[in-house]
Every structure is written in C-alpha cells, then in structure tokens.
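Report on the structure given below.
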Amino acid sequence: MTQDLIALGADGVAILNAMRWDSASTVLRYGRKLQAYSSAIARFLGNDPQ
C-alpha cells in the first residue's frame, strides 16, 4: 500500500500518518524499491513500469 501511495504522489507525512508509523525512515524504506524502478536509468533500460 505504501508503494501505491508513493506512486500516486502522496506526501510522505500523509503516508506516515495514514500508516500510523513513528519514523519517516519507514516510508523511505518501503519506497526504495519503487524509486529504483522509476529511476532515469531504469527508464532508459526499459524497466519503467509506467
């Protein structure tokens, strides 16, 4: 769910509150894989899920 919220452009603080987490690092950890898939290099190599 966190990756979906990040992909939709939800604010990190909103995700933090919605998931009832205490640390922003948790949001970043869950979003790390999504970020790797959408990086410029991934798009260049054709691995962008969009």
Inset, instruction - Consider A14 carefully, then state whether it is touching a helix residue (DSSP H, G or I) at 6+ places or on another chain (Cβ under 8 Å) and modelled with pLDDT of 80 or more. - result: yes
Inset, instruction - Could you grab me the full set of residues in segment 18-48 that are of a type in the set (F, W, Y), assigned to a helix (DSSP H, G or I) and either at pLDDT 70 or above or surrounded by 11 or more Cβ atoms within 10 Å (Cβ to Cβ) (or both)? - result: Y30, Y37
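The values are calculated or read from the model by the stated rules, or taken from the named source; none is laboratory data. Bear in mind that the values here come from a model prediction, so they are computed numbers and not experimental data. We place every Cβ from the backbone using ideal geometry, glycine too, and count neighbours over all the protein chains shown.
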